[in-house]
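Data first, discussion second: the structure below is written as structure tokens.
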Amino acid sequence: MEKRGWKMVTNDLSMLFFGLQDASLMAENMVIAAESFGMGSCFLGAAPYIADKIARKYKLPPRVFPLVQLVMGYPAENPPPRPRYPISFTLFEDKYPEMTDDEINKAMRQMDEGYLAQGYYRKGKVKIPLEGEREETFTYDNYSWTEHISRKWGQWYESPTELLTQLDSRGFKVKLAENDKSRAAE
Ligand SMILES: Cc1cc2nc3c(=O)[nH]c(=O)nc-3n(C[C@H](O)[C@H](O)[C@H](O)COP(=O)(O)O)c2cc1C
């Protein structure tokens, strides 16, 4: 743009969203390509929270933000596919359906029973500890996907500060300015 005599006016949050779209597609294509060569891979989602560390290690220039890490290799094991929600629960045509409590319970049960049958959490010993007042009543006999996910998003990352600080340190300005707030309230 500089060579063409242009200045960037697009705000950083918009650029970040477009970047997210591009990078996600790229990352998934890498997984699929690797798979076609017989390689396995795993995304690591904590990258944004350790952006500063990753930037130092890989000498990232300013305004390059690590969205996700992707490890690849030739697998030493051949684990079964992870359990899935029923397809009717995740794939919709034209609009999101209204779901009954019964349908939701059934889908949750399918997921939980699938993970329990594989012994997934027991094998990995990855029960997320309870941080608050709740009393632990789960054992690896009944701790499964829906409880695991609830413990993540019911306990982690309450404040956006950590992430905003990482973005700021990589040169992205995404905080709402005071005058933006009052403008939005009008
Ligand atoms: C954005 C994203 C972040 C992820 N982060 C992690 C992670 O930090 N650690 C991990 O073990 N798996 C992580 N996963 C990997 C998922 O567990 C993986 O996608 C899941 O096992 C799907 O594999 P499957 O298609 O074989 O079910 C992540 C996946 C995605 C899409």
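Structure summary
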read-out	value
Criterion violated by Tyr143 - all others in (1) in contact (Cβ under 8 Å) with a residue 12 or more places away in the chain; (2) out of contact with any helix residue (DSSP H, G or I) (no Cβ under 7 Å at 6 or more places or on another chain) satisfied	(2)
Unmet criterion (only one of (1) open to solvent by 90 Å² or more (accessible area, probe 1.4 Å); (2) within 23 Å of the chain's Cα centre (by Cα)) for Glu103	(2)
Qualifying residue in the range 86-99 (condition: open to solvent by less than 80 Å² (accessible area, probe 1.4 Å), within 29 Å of Glu35 (Cβ to Cβ), free of Cβ contacts under 8 Å to residues at least 60 places away in the same chain and within 12 Å of the ligand (Cβ to nearest atom))	no
Residue within the range 62-69 that is open to solvent by 80 Å² or more (accessible area, probe 1.4 Å) and without any contact (Cβ under 8 Å) to a residue 40 or more places away in the chain present	no
Residue satisfying condition, being open to solvent by 90 Å² or more (accessible area, probe 1.4 Å), within 25 Å of His148 (Cβ to Cβ), out of contact with any strand residue (DSSP E or B) (no Cβ under 8 Å at 6 or more places or on another chain) and within 13 Å of the ligand (Cβ to nearest atom), within set Pro81, Pro48	Pro81
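The values are calculated or read from the model by the stated rules, or taken from the named source; none is laboratory data. None of these values were measured; they are calculated from a predicted model. For neighbour counting, all protein chains shown are included, and Cβ atoms are generated from backbone atoms with ideal geometry for every residue, glycine included. Areas reflect the complete protein model, heavy atoms only, side chains present, ligands, DNA and RNA absent. Shrake-Rupley method; radii C 1.70, N 1.55, O 1.52, S 1.80 Å.
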